[in-house]
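Worksheet: the structure to be examined is printed underneath.
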Amino acid sequence: MGIPPAPTPKGCKGIDVSKALLDYRKGSQAYFPDKIEGWCLAEAQCDSVLVDGNLKIKFRIGSKDEVGSKFSSLASNADLPPLKNPDFMDEVEDLSLLSYLHEPAVFWGIKNRFASGNIYTYSGMVLIAMNPFQNVDLYSPETMREYIGSKRHEPSPLPPHIYGIAEECYRAMLEGKNQSVIVSGESGAGKTQSTKYIMEYLAQVDALSKIDSLEALMRPETMTSQHKSETEDAVLASNPILESFGNAKTTRNDNSSRFGKFVKLFFSDPSSGSVRITGAQIRTYLLERSRLIFQPDTAAPAAEKEQLGLDKWESFHYLNQGRAGVVKNMNDVEEFKATQEALSTLGMSVSTQWNIFRLCAALLHIGNIKIIDSEARVEASEISVTDPALAKGCELLGIDAKEFVKWVTKKQTVIGRDKYEKDIKKDAAIVARDSVTKVIYTKLFDWLVKSINKNLKRESNSEQHFIGVLDIYGFEHFKKNSFEQFCINYANEKLQQEFNAHVFRIEQEGYIQEAIEWTFIEFADNQPCIDLIESKNGVLVLLDDESHIANGTDAAFVSNLNDIFKDHKHYVKGRFGNTDFTVKHYAVDVTYTSTGFVDKNKDNMSEELQGVLAASSNAFLREVFGLSEGNTSEVRQDEEYVAPSVKSDRRKSTMKVPTLGSMFKNSLQGLMATIRETEGHYIRCIKPNMAKAAFEFDGAMVLSQLKACGVLETIKISNAGYPNKLEYSEFSSRYFILVPSAFWNLPKKDLCIKIVTTILSDTTKFQFGKTKVFLKSGQIAFFEDRRNDRTKYLALLLAKNARRFVQRQKYLRLKEATLVVQNTMRGYLARKKSENLKEEAKRVKLQRETEDRQRFAAIKIQSVWRGYRARKSYKQCRGHVLCIQNVVRSNAARKLLKSLRAEAKNVEAVKEKAFSLEAKVVSLSQTLRDKTVEAKELQNKCSSYESQLGSLREKLDASEAKNKISQAEIAALTKKLADLKAEFERLRDEKTKLDTIVAQQAQNGLLPEPSTRSLNTSPTRAERTISPSRGITRGKTLDSRGRNTISTPQLSFSMRTALSPPAMVRGATVKSPPSMSRISTKRPDLPVAAESNAGPVKLKRVPTLRQKSIFEQDIVDDAERARKKDVSRQNSGVEEHGNMNMSPQIPVAKPTTLAAALSRHVQNPTSAAIAPRTTSMLQNPKLMAFRAEYLSREEFNDIVCDNFIINVKAPQATVSPLSKKDVLYPAFVLNSIMTMFLDGGLLLGLNNFSMDICYDISKTVMESSDTALIVFWISNTHHLLNLVTATHLRETKKQNNLSNLNVIKSIQSQLFNMIEQEMVPSLIKRLRDYTASLTIPAILENQELPGMKIDASSGIWGVFGSTPKPVENGLLKLKTFLTSVDMTLRDYFAPEALHNRVMIELIRTVGVVSFNGMLVKKNFLNFKRGMQIQYNLTQLEEWCARLGLGAALKHLDKVGQAAKIMTINKTEAVDVQAVFEIAYLLNPSQIDKLYANYSTKDLDSPMTNEFYEAIRFNVDPAIKDTIPLSLDPEPEYPTLSLVPILDLEAYLPLPNTVSVPSEFMQLFG
């Protein structure tokens, strides 16, 4: 494998030529420096060759011409152009994992990730943050939740993010270690914004970590809620305040922080269960007060602006010098409002806020004071007393304008005991004026910080753990660098030193843990440069000495530096004069201009102006300067300053004032001490371009910042050791193909040793630790090249055999095709010959058939002619016969007419006979009408008696139930009842006599009857006469009082039967008055005789159904009915015999509606094992009495609820399936008990009983976690509802039954609401939650498709990409669960509508959760994942099809389309159209989110930047599409249908598992 080592030629000593020849081959890529791009990429056009001892390689840089490179006298590999890493490392998330770890590799790694939209990149322990200069969707609460609990070095790490650094700090702080985060970078790099994100994360991490992750996937809207306490709000509110007063617009940044700050966030004790921010402390460094920005000039209300004298920003000198008072995309009104809200949050009153703004306005007015040269005095200046800016500024500050003008334009000199005033020039006066504004602004800023710290202390204390966030200026290098840049770079030197030591310490600890042989790593230390600045004779000390001299100058300061440090290696003397000097920093050499160094270091104003401010009448200004009431001496400029007395020596007092440089040095030393006591985390912010353009990359600018921020220094430290560290499992799984297969079964460590020692011969290039293999820089790329060579060889071998197989298959197909063609041709020739023979035979046959047809035609013609002659002769004879017949018949008709005319003369005699018969009929009809009226009166009297009888029975029953009626009263009532019965019998006898008279009249012929022939020959009339819809013939109607009226003198057979109520058949719909129906139901059955031509026919009345009433159930009446039992049987036998002899022309009506069907079913006691209520009279009086007593017991409801609800267990199907009796017996028992309450008239008890059972059923379902038990009770409740519905239908047929119907409707409503609003939603929620927990492993992580598995230990991919952990067969688990749910619903006879609703909702849950899971998993999606998801969905769809759940498949369409677009081509922009055609159900935002999660390490189907940019182009930022799905609200499902149960199954005896008192079973007889 590869080229053998070549001898080292002369001139190339120290270089491994053999390795160079292997690495620098045709197609190899290397980097070359470029002034504009930083580093450019070139590709070798040919292999490297050795010519005359020189190594020659030809490269092409981009599209430029070829460039030849000649390398001679190489001392090491570092003299060769740096090689490019393998392609899969182009966008590596951690730059320390690069194979070639050098400057261009780091530079290009950041560049490639930034071009792909990834602004964060790890470089070892450092997070590099690129400023995108546009809003990016990376800081939502959803993203925060992803990083909660995550770790950088887990198998599937999340992408680099600032939240990852914050999470590491938070978790380490919970373990009891104080943390610090150092955020640095140049102006405009995004330091302040990064600090905000860290503080926001720390403020919300505890609350967000408590949100259920499954709930977030099912309902993404819960992820957007904010969770912060009042203290956390106050901490975050400090940011806009400090930004408002400490930031400024510069040429490099619109919101540049002109100070450094270190924020300590104190946290509560983790053992309390809730970790929250208890307080904070802010410390600031080096406020650059020469810059001033002010918002109220445009944002303040008009009244306040007028009061403060504010105008447009262009009118103020301090604001208009940069000519940029307006910032694009920034609303001053909103910013000012946010500042006010932040001040209020920190407890500052509105009056205090306006005092602050009043000071700021005063400074603006002082800046507008015009100072001019004096015309009267030489070298003097003056200020007009009428200057409006002077008046307004002094008014707002509360100082004397004259004194202020005096000491701005003059200075006082003290010589001995004398004081002398001296005029100063215009320039000096302007400096004095500006010094006042700088001091006031500095004091105001310090007062704000002090007030903020006082408010943020809250519950914090020094014993609590904290996380410190340092937001400090990065290394600065401008054309002109002043005192501020010197201090900033000094701070960065200190931070870089600490950073290098920290990186070195971490690197060495890793070597010690793995127990490898190592030597001390040497790295460049910047301590000499720090000593140059801060040593006893350093720059700061010399600057302080010069500042303490009364007439100290910048030139003298630089002259001292040149004399002392002329031989220092980090100091360079300026080329011209004594104004410049150069310091060689770790990043770059910086030349400083000393102008203003001494004045800025003094940081003070004259004592006279201090006295003017001390005498101010503005109380807030005095508070800012720390002056107590009545103290008007002088203003203190710092905490350690004590105002000198008037008579003190000026030089002595000046020496006591600390300089700005010394204060900055002391605060920086304290900061370094704090950082050393904590665990440090580093964030380096990079500004990609000067134009602030979105996602534009300026190579030279970025490269200079990488050098300045120290990232490249850490690379050098890593390169000094072993930068590439891979675990044995990862290394062996990636490079096992480099050794024969015989070694593949070795232990991982032994296999790695075999691989490395086989490929590398230089033992200094590798080390073997306990769990990892350590490699020098570039070795991973070397192994990748060898692996690629091996892979190419295997690919060629596979291609060769594949081509051989294809060609052989092609030959075999050609051979087979040849044989087929031959067989086809031979068959064609044979068929051709056969067809010719058949054609010849057809011609012979046709000739014979033609001859036969001709012969037959001749015979046919002959027969037709002969027939024609015969028919003509027949017609002539027939005509003659008809003429003779007509003559004979006409003669006979004329004779008949004459005889009929003679008979017509006798009509008058017939009419007289008819009149006599008609008079007789009218007389009989009048007699019959009188008898009918008399019968009607008797019927009304019977109805009255019956009503009295019913009322007495009601009273008797009520008295008996309450046990309050005495036996004497019962006897009296019984006697009265017997009298009423006797009266009833008398009336019935009279009615019988009336019927007998009518029958006798018919027998005597007084009432004419239709003959049998007339009835038989007129079926239409018979049907109309006996029609159930009328019951009365056309000749008979009823008047308004119910009396019969006769409209014709004849009465038909049906009229006679209708006159007697017992003759009304069952099922007829004649609507008689209520009194008649009662009479007919109380009379015994009497036969009615009728005669016809064939003899007398006996008719029997069919008994009608009596309305049931518990008030008729008295003991005496029951005993009387028992005595007459035999008589009733005999009568029923006679009745049946009479019904059999009835005329067949009287049909019995059949029920046609549901109510009629229920009525017919109720009347048939044999249609069920336990017949429903059909009569008001119980068969057993003792059973009725026992039921009334037992149902009234107080403990009855408890017995039923305990035995049939609370203690009931769901039956389990064993060998044979469950029957309805095993499952639905509780519903039958409960319905039977309700029926008993209803029959007994105990409506109040029924209402209480229904409420008790509904409560216990609901409680049992809500408290149970057993799905089978919940389904069991839903089925029983629905079955009980159907039984109650059937009861309701039966009750509607009864009269005066409104109270019963109202109670039944109330029970129906209770049961229906309990099913639809409590039981079914509870069942669906339980099943849906568990289904959601199975969905991700089943659909997204399950890997059952052969050849498409994603190995979690796939070596280098586990380091650079995101791979899932091995999981069990989640799809099988999900299908098993769904199958169990389906079987449970079917086993317990759940309604079909409920079954469909539950299964569809579970499938919908699978679709929603799996789709949202694809949206939130970073670097999770790839080609193989898409194939696996499609396969899993196919398996689930087949399962649904087998169960008949085709309607639920639409809920999986979005997941299927999302998986499908992961498997198509993603290389060119034209592929985007195919994506949107396939995923037509997804909106552009969802597609963009899916591809944002697509793994960039997927080599099976890589996604190019061009393709992704085309996808993002289709997303409209203005349209807020809903990206995640939600389970709320549910689709509309039909409610459970109600089907009245008419035929009841046999549910008795109860199952053996039910144990009830024996006394209870007596209720069922």
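The values are calculated or read from the model by the stated rules, or taken from the named source; none is laboratory data. Treat the numbers as computed from the prediction; the structure is a model and nothing was measured. Ideal geometry is used to build each Cβ from the backbone, glycine not excepted, and the neighbour counts take in all protein chains shown. Side chains included, ligands, DNA and RNA excluded: accessible areas come from the protein's heavy atoms. Shrake-Rupley method; radii C 1.70, N 1.55, O 1.52, S 1.80 Å.
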*Would you say Glu517 is out of contact with any His (no Cβ under 6 Å at 6 or more places or on another chain), over 25 Å from Gln193 (Cα atoms), among the acidic types (Asp, Glu) and part of a helix (DSSP H, G or I)?*
no
Reported set for the range 317-374 where residues are without any contact (Cβ under 8 Å) to a residue 24 or more places away in the chain, open to solvent by 80 Å² or more (accessible area, probe 1.4 Å) and either touching a strand residue (DSSP E or B) at 6+ places or on another chain (Cβ under 8 Å) or closer than 21 Å to Arg622 by Cα (or both) is Val350, Lys370
Residue hits (the range 106-149; of a type in the set (Phe, Trp, Tyr), surrounded by fewer than 21 Cβ atoms within 10 Å (Cβ to Cβ) and touching a Ser or Thr at 6+ places or on another chain (Cβ under 9 Å)) are none
- Verdict on Lys191 being at pLDDT 85 or above, basic (Lys, Arg), more than 28 Å from Phe133 (Cβ to Cβ) and touching a strand residue (DSSP E or B) at 6+ places or on another chain (Cβ under 9 Å): no
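Find the residue count for the range 773-802, including only residues that are closer than 23 Å to Glu517 by Cβ and in contact with a helix residue (DSSP H, G or I) (Cβ under 6 Å, 6 or more places away or on another chain). Before the answer, list the steps.
Going residue by residue through the range 773-802, those that are closer than 23 Å to Glu517 by Cβ are 773-780, 782-783.
With the extra rule that they be in contact with a helix residue (DSSP H, G or I) (Cβ under 6 Å, 6 or more places away or on another chain), the set shrinks to 773, 776-777, 779, 783.
Residues in the range 773-802 being closer than 23 Å to Glu517 by Cβ and in contact with a helix residue (DSSP H, G or I) (Cβ under 6 Å, 6 or more places away or on another chain): 5 in total.
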Given the conditions (1) surrounded by fewer than 20 Cβ atoms within 10 Å (Cβ to Cβ); (2) basic (Lys, Arg); (3) touching a residue at least 60 places away in the same chain (Cβ under 8 Å), every one holds for Lys443 apart from (1)
Here the residues within the range 554-574 that are more than 21 Å from Phe478 (Cβ to Cβ), of a type outside the set (A, V, I, L, M, F, W, C) and open to solvent by 70 Å² or more (accessible area, probe 1.4 Å) are Asp563, Lys566, Asp567, Lys569
Of the candidates Glu960, Glu969, the one satisfying the condition of being closer than 23 Å to Glu1189 by Cα, charged (D, E, K, R), at pLDDT below 80 and open to solvent by less than 90 Å² (accessible area, probe 1.4 Å) is Glu960
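Do we find that Asp1516 is within 30 Å of Ile1206 (Cα to Cα) and either at pLDDT 85 or above or surrounded by fewer than 18 Cβ atoms within 10 Å (Cβ to Cβ) (or both) in this structure?
Considered against the rule, which asks whether it is within 30 Å of Ile1206 (Cα to Cα) and either at pLDDT 85 or above or surrounded by fewer than 18 Cβ atoms within 10 Å (Cβ to Cβ) (or both), Asp1516 comes out as no.
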Of those in the range 33-54 that are part of a strand (DSSP E or B) and within 19 Å of Met690 (Cα to Cα), the residue least open to solvent (accessible area, probe 1.4 Å) is Gly38
When (1) modelled with pLDDT under 85; (2) under 35 Å from the mean Cα position of the chain (by Cα); (3) open to solvent by less than 20 Å² (accessible area, probe 1.4 Å) are applied to Phe88, the one that fails is (3)
Residue pairs within 8 Å by beta carbon, gap of at least six or interchain, first lying in the range 789-814 and closer than 26 Å to Ile759 by Cα and open to solvent by 80 Å² or more (accessible area, probe 1.4 Å), second in a helix (DSSP H, G or I) and at pLDDT below 95, listed first then second, are Arg790/Ile737; Arg790/Leu738
Contact list, first residue from the range 1444-1455 and in contact (Cβ under 8 Å) with a residue 40 or more places away in the chain, second anywhere and of a type in the set (Phe, Trp, Tyr) and assigned to a helix (DSSP H, G or I), beta-carbon distance below 6 Å, six or more apart or interchain, is Lys1454/Phe1411; Val1455/Phe1411
Here the qualifying pairs (Cβ atoms under 8 Å; residues six or more apart or on different chains; first in the range 1206-1226 and over 21 Å from Asn1282 (Cβ atoms); second modelled with pLDDT of 85 or more) come out as Ile1206/Asp1256; Ile1206/Thr1260; Lys1209/Leu1269; Gln1212/Ala1268; Ala1213/Asp1387; Pro1217/Asp1387
Selection from the range 575-610 of residues farther than 18 Å from Leu540 by Cβ, open to solvent by less than 20 Å² (accessible area, probe 1.4 Å) and in a helix (DSSP H, G or I) yields Leu609, Gln610
**Prompt:** What do you reckon, is Ser1309 at pLDDT 90 or above and open to solvent by 40 Å² or more (accessible area, probe 1.4 Å)?
**Reply:** yes
Flagged pairs (Cβ under 9 angstrom, 6 or more apart or on separate chains; first in the range 1310-1324, farther than 15 Å from Tyr1533 by Cα; second outside any helix (DSSP H, G or I) and open to solvent by less than 10 Å² (accessible area, probe 1.4 Å)) are none
In the range 1407-1441, anything crowded, with 24+ Cβ neighbours inside 10 Å and not in a helix (DSSP H, G or I) is listed as Leu1421, Asn1422
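Here's the yes/no breakdown for (1) farther than 30 Å from Val1381 by Cα; (2) of a type outside the set (S, T, N, Q); (3) modelled with pLDDT of 85 or more:
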site	(1), (2), (3)
Asn1207	no, no, yes
Ser1216	no, no, no
Ser1232	yes, no, yes
Thr1235	yes, no, yes
Leu1244	yes, yes, yes
Thr1260	no, no, yes
Ser1265	no, no, yes
For the range 1546-1565, pairs from a residue that is modelled with pLDDT of 75 or more to a residue that is among the polar types (S, T, N, Q), with Cβ under 6 Å and 6 or more apart or across chains, are Val1556/Asn1203
Within the range 1238-1281, the residues that are open to solvent by less than 10 Å² (accessible area, probe 1.4 Å), more than 30 Å from Arg953 (Cβ to Cβ) and hydrophobic (A, V, I, L, M, F, W, C) are Ile1253, Ile1257, Val1261, Ile1270, Val1271, Phe1272, Trp1273, Ile1274, Leu1280, Leu1281
Counted residues in the range 1447-1467 being in a helix (DSSP H, G or I) and open to solvent by 50 Å² or more (accessible area, probe 1.4 Å) come to 5
Flagged in the range 406-432 as touching a Ser or Thr at 6+ places or on another chain (Cβ under 9 Å) and assigned to a helix (DSSP H, G or I), in numbering order, are Trp407, Val408, Thr409, Lys426, Asp427, Ala428, Ala429, Ile430, Ala432
